[in-house]
Amino acid sequence: MTRIEDRLRSALTEAADARTVDVPLMRAELDERLARPRHRSRLLVAAAAAVLLVGGGLVAVQVLRDDSPADSASSGEVDDEFSCPFTEHVDLSGGQDEFLPDLVGRTPAEVAREYDAARWEFVVDGDTARLRLGNEDGTLGSDTRYRRHDGEWHMTTSEACSNGTSVTPGSDPLRLGLHGNRAKPAPEFGADKEPVLVDDRPVYAGSGLVTDHRSLYVAPCGAGLCFATSSQDAIGDRMPMTGRVEILGTMCWFFVPDTLVGRASPYALLVAWDPSGQTTEFTASGPGGTYDGVALTDPSWDGSKVWLALVPTPPAEVKLLARLYDHEGFRPAGPLVDQSHAPVRCD
Amino acid sequence: MAADSDVDFDAIYVGHVARLVRLAALLGAEDPEDVAQEAFCRLYAARARVREPELMAYLNRIAVNEVRSRARRRRVAAGKHHLLPIADASPGPTGERTAVLAEVARLPHRQREALVLRYWLDLPYDQVAEAMGVTASTAKSQVSRGLKTLAVALDEEDA
């Protein structure tokens with residue numbers, strides 16, 4: 001045995017021996033616990049099993065109903081197919097423990113509760129079963145298959161929604177717009193200009209369920225341009241405007257930290273304003289290349305439009321070049337507005 | 001269980017509950033007594049089909065699963081903190097024990113499970129694996145990685 005093994009064994013033994021356990025008190029508490037309603041059903045099932053033991057072969061089924069579910073069960077409907085952009089197969093060997101929907105000694109309802117699944121469906125088909133955990137809107141978060149062995153359900157495969165990998169973080173991450181199934185409702189801007197959806201992207205936990213979901217909207221608001229997340233989150237920001245065609249600046253706060261790549265803010269949103277709708281193109285050039293912007297408008301905006309370009313946050317020392325073109329401008333000769341943004345920081 | 005009478009259940013409870021409380025504590029449970037009680041509630045429900053030789057393995061597995069589940073829930077509630085405190089209610093711990101246990105508490109949960117099962121319960125790798133719900137080779141690699149991490153943290157060179 002190595003010295004580290006020796007030290008570990010001694011420390012564990014000392015810690016364990018130092019812990020006193022009041023067995024009679026715990027035994028009395030257990031009796032109370034077994035008598036509570038939650039366990040009464042278990043006792044009844046066990047009693048039923050004991051009775052059926054006399055009659056023969058239904059015992060296993062009766063016991064399994066309680067401890068290792070034999071019947072299909074559900075709490076709300078969950079989609080049959082994934083609608084998220086990326087999925088990944090869960091490591092069932094125990095190499096990672098972020099998500100392991102193990103049904104040994106647990107019911108599907110307990111697994112669903114552990115991972116905060118708003119909905120779940122457990123479907124038994126002979127000696128195989130399937131547990132689908134879903135989000136509030138019924139979209140599928142994870143799909144786990146089981147096979148029954150010795151009266152217990154053993155996981156065979158599990159697939160869950162993911163944010164992509166560090167190589168491909170998310171679905172077309174620089175594309176603005178809808179990335180999930182549906183956006184959250186628009187906020188109240190308090191003006192006569194209708195808000196327009198800028199972006200909506202869910203963030204998935206290891207369980208494949210959505211943990212963070214922001215919908216970003218924009219609308220002119222007086223002498224400024226207002227951004228706000230849905231009415232359910234109520235996070236907002238306002239960029240002042242002069243009334244001319246102009247590049248208003250960059251915004252970082254909306255895009256939630258991307259823990260997959262270990263950076264606080266992986267994206268910067270460049271924003272330009274065109275009060276008369278004359279511009280035709282908006283680009284942002286950074287270290288990774290040139291990124292095209294998209295124009296958003298609404299009939300209630302009186303012909304004005306906002307240009308937005310999402311770019312990867314460049315290193316702190318690198319500048320971004322943002323350019324607005326009008327319909328008479330020709331790249332690269334004549335941008336209407338040519339503005340160097342320096343250095344963009346999204347800490 | 002050989003028989004499903006309350007007499008047998010009581011004997012099993014008295015014989016195993018202290019060990020299970022200590023196991024849950026070493027695995028980092030905030031409420032090791034409650035983990036042990038939960039394990040026995042499950043055993044009570046399943047007593048008709050759990051045979052005597054499988055009893056200890058069954059209880060170990062339920063306890064490991066229960067501590068793991070509660071830790072996950074705590075991590076979610078606390079914003080996914082990675083580290084779990086080791087529950088040590090004993091008076092006057094030695095400096096050596098404190099240092100070793102502090103490093104055990106910093107290990108990834110699976111490595112911690114593997115080390116506790118292997119070095120406190122003295123389980124062979126196949127039984128460590130069974131309690132963790134993984135393969136024996138995974139259990140072995142978790143033990144090996146846990147020892148290496150501990151050795152580095154505690155300035156050992158012989159792991």
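Six or more apart or on different chains, Cβ atoms under 9 Å: show the pairs whose first residue is in the stretch B:48-59 and surrounded by 14 or more Cβ atoms within 10 Å (Cβ to Cβ) and whose second is of a type in the set (Phe, Trp, Tyr). As it stands, the answer is B:50/B:58; B:59/B:40, since those pairs meet every condition given.
Tell me whether the stretch A:245-262 contains one or more residues that are within 14 Å of residue A:305 (Cα to Cα), at pLDDT 70 or above, in contact with a Ser or Thr (Cβ under 9 Å, 6 or more places away or on another chain) and of a type in the set (Val, Ile, Thr). Within the stretch A:245-262, one or more residues are within 14 Å of residue A:305 (Cα to Cα), at pLDDT 70 or above, in contact with a Ser or Thr (Cβ under 9 Å, 6 or more places away or on another chain) and of a type in the set (Val, Ile, Thr).
Residues of the stretch B:117-159 being under 16 Å from the mean Cα position of the chain (by Cα), facing another protein chain (nearest Cβ under 10 Å) and in a loop (DSSP other than H, G, I, E, B), which ones? Within the stretch B:117-159, B:120, B:121, B:122, B:133, B:134 meet the criteria. Inside the stretch B:15-38, can you point out the residues that are under 12 Å from the mean Cα position of the chain (by Cα) and farther than 19 Å from residue B:105 by Cβ? Those that are under 12 Å from the mean Cα position of the chain (by Cα) and farther than 19 Å from residue B:105 by Cβ: B:19, B:20, B:36.
Can you tell me which residues in the stretch B:117-142 are aliphatic (A, V, I, L, M) and either closer than 23 Å to residue A:101 by Cα or touching a strand residue (DSSP E or B) at 6+ places or on another chain (Cβ under 9 Å) (or both)? Selection gives B:117, B:128, B:129, B:131, B:132, B:134, B:136, B:139. Checked against the criteria, residue B:79 does not count as on the phi > 0 side of the Ramachandran plot and either within 7 Å of chain A (Cβ to nearest Cβ) or at pLDDT 75 or above (or both).
What's the total number of residues in the stretch A:1-10 that are in a helix (DSSP H, G or I) and at the interface with chain B (Cβ under 7 Å from one of its Cβ atoms)? Before you say what the answer is, go through the steps one by one.
Filtering the stretch A:1-10 for residues in a helix (DSSP H, G or I) gives A:3-10.
Now drop any that are not at the interface with chain B (Cβ under 7 Å from one of its Cβ atoms), which leaves A:3-5, A:7-9.
Number satisfying all stated conditions: 6.
For residue B:28, the criteria (1) under 19 Å from residue B:129 (Cα atoms); (2) more than 10 Å from chain A (Cβ to nearest Cβ); (3) assigned to a helix (DSSP H, G or I) hold in every case but one, which is (3).
Results for (1) more than 23 Å from residue A:91 (Cβ to Cβ); (2) within 14 Å of chain B (Cβ to nearest Cβ); (3) surrounded by 23 or more Cβ atoms within 10 Å (Cβ to Cβ), shown as yes or no for each residue.
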| residue | (1), (2), (3) |
| --- | --- |
| A:105 | no, yes, yes |
| A:108 | no, yes, yes |
| A:113 | no, yes, no |
| A:116 | no, yes, no |
| A:122 | no, no, yes |
| A:143 | no, no, yes |
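Of (1) in contact (Cβ under 8 Å) with a residue 60 or more places away in the chain; (2) outside any loop (DSSP other than H, G, I, E, B); (3) within 13 Å of chain B (Cβ to nearest Cβ); (4) surrounded by fewer than 24 Cβ atoms within 10 Å (Cβ to Cβ), residue A:157 satisfies all except one. Which? It fails just one condition, (3). Within the stretch B:34-49, the set of residues being more than 7 Å from chain A (Cβ to nearest Cβ), under 14 Å from residue B:8 (Cα atoms) and of a type in the set (Gly, Ala, Ser) is empty. Figure legend. Inter-residue proximity from the stretch A:11-24: first residues facing chain B (nearest Cβ under 7 Å) and closer than 17 Å to residue B:14 by Cα, second residues modelled with pLDDT of 90 or more and surrounded by fewer than 17 Cβ atoms within 10 Å (Cβ to Cβ), beta-carbon distance below 8 Å, spacing 6+ or different chains. Indicated pairs: A:23/B:14. Of all residue pairs spaced 6 or more apart or on separate chains, those with beta-carbon atoms under 7 Å, a first member in the stretch B:140-151 that is closer than 19 Å to residue B:129 by Cβ and a second member that is surrounded by fewer than 20 Cβ atoms within 10 Å (Cβ to Cβ) and among the aromatic types (Phe, Trp, Tyr) are B:140/B:125.
If I filter the stretch A:79-90 for residues that are at pLDDT 70 or above, of a type in the set (Ser, Thr, Tyr) and under 27 Å from residue B:131 (Cβ atoms), do I get at least one hit? Before you say what the answer is, go through the steps one by one.
So the first thing to find is which residues in the stretch A:79-90 are at pLDDT 70 or above, and the list is A:79-90.
Among the residues that remain, those that are also of a type in the set (Ser, Thr, Tyr) are: A:83, A:87.
Still in the list and also under 27 Å from residue B:131 (Cβ atoms): none.
Checking the stretch A:79-90: not a single residue is at pLDDT 70 or above, of a type in the set (Ser, Thr, Tyr) and under 27 Å from residue B:131 (Cβ atoms).
Working only within the stretch A:196-226, note down all residues that are polar (S, T, N, Q) and under 8 Å from the mean Cα position of the chain (by Cα). A:211, the sole residue that qualifies.
The values are calculated or read from the model by the stated rules, or taken from the named source; none is laboratory data. Remember, it's a predicted structure, so these values are computed and weren't measured experimentally. Virtual Cβ from ideal backbone geometry, glycine too; neighbours counted across all protein chains shown.
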